[in-house]
Each structure stands twice: as structure tokens, then as C-alpha cells.
């Protein structure tokens, strides 16, 4: 992380309590369900990685500086960082990105330029992670927003055990031949609120 866009320093964060998404615990609210089923968005993965990072950094306060954006681009080029993109009429309107090590996905950031676009990206990402055999979705911190979608907070000790297990396993981010339909996303995310 960095303190700001202008600060060139980069540092690691290891919080005492860690935010994670249990891969079987994502909550799709009724309003998000309706929005997904409207099918007005096109989904993709790894088609606009650098644009997703730029979208995540495009806010008044950000921890993503030029150094971090460049490092993520290098990780993506090496096959270690991935994105899920949400498109409307050919325009990128939302997305999420993160880093993969073994069967662990480290969510870094997400953005939305349309109502619920980042939540839709998250729904597709979690389905991809489950389908691909991932064991851990690390969100680093738990926010009220992530908690409303099913994320939880765990202790550092529990996290390190989960992390140790996940990085030693294999998973496949590119597990789809085609992106799932909105109906498939809803069916596979049976927990609704």
C-alpha cells in the first residue's frame, strides 16, 4: 500500500484481524439479484486489467500510486494478478482485481461507475473462485460494505493457517470456457437476503 497517490513509499500491511470472503457465504440481496438478472452488462476477465487498476485509483483518496500500479501490471503480465470487468455498451463501468498465489486470491480493490457494478463484478469473481477451486479470498480489511455482502473478520492466527493451506494448493482462475449467464450466477449463489 501507499499513503496516497502522490507518496512514492510502498509498505506491507498485516492487520491483527483480517477480512475474508467465505466463498460459500456471498450474499446477493434482492436488489442486486434483480440488477444481475437485468443482464444489461457484459462480463469479462483479464481483458482490461490496467484499466481496472486505474478505475480503482480514480478517486479523491487512494492507496494506489504509480509504483503500485506498475507492480500490479507486472504481476498481471506474469499471470499472478487478475481482474473481472463489467461493461456497458463497450464502456468499462466496474471491476475488481487481485493477486493469486496457489489457491488464494488476494482482493486488492474494486470500482463502480454504475449502480452495483462492483458488486456484480464481485459476484462473478466469487463464482469464478469457487469454480476454479480456490480456498481463500482475502479482502485484507473488513468494511461495512463487504460485511453486508458476506465478508467476515478472522484473527491473524486463523488467517495464517488458512493462508498456509491455500498457497500450497492449486486453483485455476481461467476455469471458464465462457462467462456464466446471470441465471447461473444467481443459481450458484443460493444465499440471498
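For this structure, a couple of remarks:
- The mean sequence separation of alpha-carbon pairs under 8 Å and at least six residues apart, normalised by the residue count of the chain, gives a relative contact order of 31 percent.
- GNM top mover of 19, 94, 168 - the chain, alpha-carbon springs below 10 Å: 168
- Neighbour counts of C-beta atoms inside 10 Å place 49, 80, 26 in the sequence 80, 49, 26, starting with the fewest.
- The chain: calculated mean residue ellipticity at 222 nm from DSSP helix runs of at least 4, using -39500 (n - 2.57): -10000 deg cm²/dmol
- 152, 84 arranged by Cβ crowding within 10 Å, fewest neighbours leading: 152, 84
- Rounded, prolate or oblate (a/c below 1.5 giving rounded, otherwise prolate when a/b exceeds b/c) for the stretch 125-193 by Cα gyration tensor: oblate
- Projecting label points 7 angstrom from Cα along Cα→Cβ for residue 24 and residue 177 puts them 2.7 nm apart.
Every number in this text was worked out from the coordinates using simple rules, so none of it is lab data. Please read all numbers here as calculations on a predicted model, not as lab measurements. So basically every Cβ, Gly included, is an ideal-geometry build from the backbone, and we count neighbours across all protein chains shown.
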